[in-house]
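Inspection log for the structure reproduced underneath, given as structure tokens.
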Amino acid sequence: MKLTLPESHPSLSAANGSCPRSNILAAQTHHTSLRRRSPESATIKPALSLNFYGKDRARGIHIMTEFVESENAEAIILRIEQKSQKIEALLKQYKPVDALKTALEGSAPRTMDERCKSANWIVVHRAIMAIKDVDGMMSSLDPEYYDILMKYLYRGLSTGDRPTCDQCLRIHEKLTQRAGLGCILRSLSDTENTV
């Protein structure tokens, strides 16, 4: 049964902005029968449910995702801080390749929260800048790290910082020789796992 909602209903007015009538495609009435103690009498109580599509539905999903993201963001940042401590310890032991591997593990964080991405970039940037022997790094870096490293190299190039760009270009050259052009295409075309 279709339920037609009046134009003048206060919750549907365009001035209210909370629920524009144009975004409501269907409003259905579901009848629920509630039985009393005697089986002869039954009361029918309509329950109104509005199904939203389009912008309002996407906005609702986005709001729900932001709520989940904010809860997970603190846990992700805590893991990044722990990873940063491991990286600093490895750099003090003069193990920059191990520090880079540790920085790239678990990257990119599965979140849309820019705080988490920025915190992870700072950790990876520290490890990238500590690399002195690029050829030695490439010979000991496993192929599973190539694509994620390429993404971080492009993030480093986007900063415009001269020392960062110089280091990223040196590593980019060797990484492209080792991994091929497919690595570049994969890192640029992956829009879901951004760093």
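The values are calculated or read from the model by the stated rules, or taken from the named source; none is laboratory data. Worth saying up front: this structure is predicted, and the values here are computed from it rather than measured. Note that we place each Cβ from the backbone using ideal geometry, even for glycine, and neighbour counts take in every protein chain shown. We work out accessible area using only protein heavy atoms, side chains counted, and drop any ligands, DNA or RNA first. Shrake-Rupley method; radii C 1.70, N 1.55, O 1.52, S 1.80 Å.
Some points to look at:
Conditions (1) touching a residue at least 40 places away in the same chain (Cβ under 8 Å); (2) in contact with a helix residue (DSSP H, G or I) (Cβ under 6 Å, 6 or more places away or on another chain), marked per residue:
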position: Lys151; (1), (2): yes, yes
position: Arg162; (1), (2): no, no
position: Cys165; (1), (2): no, yes
position: Ile171; (1), (2): yes, yes
position: Gly180; (1), (2): no, no
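- Residue-level check: of (1) surrounded by 13 or more Cβ atoms within 10 Å (Cβ to Cβ); (2) out of contact with any Asp or Glu (no Cβ under 8 Å at 6 or more places or on another chain); (3) not charged (D, E, K, R), Gly136 misses just (1).
- Among the residues making up region 121-133, a single one is basic (Lys, Arg) and either open to solvent by less than 30 Å² (accessible area, probe 1.4 Å) or closer than 16 Å to Ile148 by Cα (or both): Arg126.
- Against the list (1) among the aliphatic types (A, V, I, L, M); (2) more than 26 Å from the chain's Cα centre (by Cα); (3) surrounded by 15 or more Cβ atoms within 10 Å (Cβ to Cβ), the condition Leu169 fails is (3).
- Filter result for the condition that a residue is at positive phi, out of contact with any Phe, Trp or Tyr (no Cβ under 8 Å at 6 or more places or on another chain), open to solvent by 50 Å² or more (accessible area, probe 1.4 Å) and not hydroxyl-bearing (Ser, Thr, Tyr), over Gly180, Gly160: Gly160
- Remark: Lys132 matches the filter, which requires a residue to be farther than 20 Å from Glu74 by Cα, outside any helix (DSSP H, G or I) and out of contact with any Cys (no Cβ under 7 Å at 6 or more places or on another chain).
- For beta carbons closer than 7 Å, sequence separation of 6+ or different chains, a first residue in region 65-82 that is closer than 12 Å to Pro109 by Cβ and at pLDDT below 60 and a second that is open to solvent by less than 100 Å² (accessible area, probe 1.4 Å) and not charged (D, E, K, R), the qualifying pairs are Glu69/Thr111.
- In this structure, Ile122 does not satisfy being under 20 Å from Glu88 (Cβ atoms) and outside any helix (DSSP H, G or I).
- In region 143-195, counting only helices (runs of 4 or more DSSP H) that sit wholly within it, the ones holding 3 or more residues that are within 19 Å of Ser118 (Cβ to Cβ) and hydroxyl-bearing (Ser, Thr, Tyr) span 146-159.
- Selection count where residues are in contact with a Phe, Trp or Tyr (Cβ under 7 Å, 6 or more places away or on another chain) and either open to solvent by less than 30 Å² (accessible area, probe 1.4 Å) or over 19 Å from Asp142 (Cα atoms) (or both), scope region 76-120: 1
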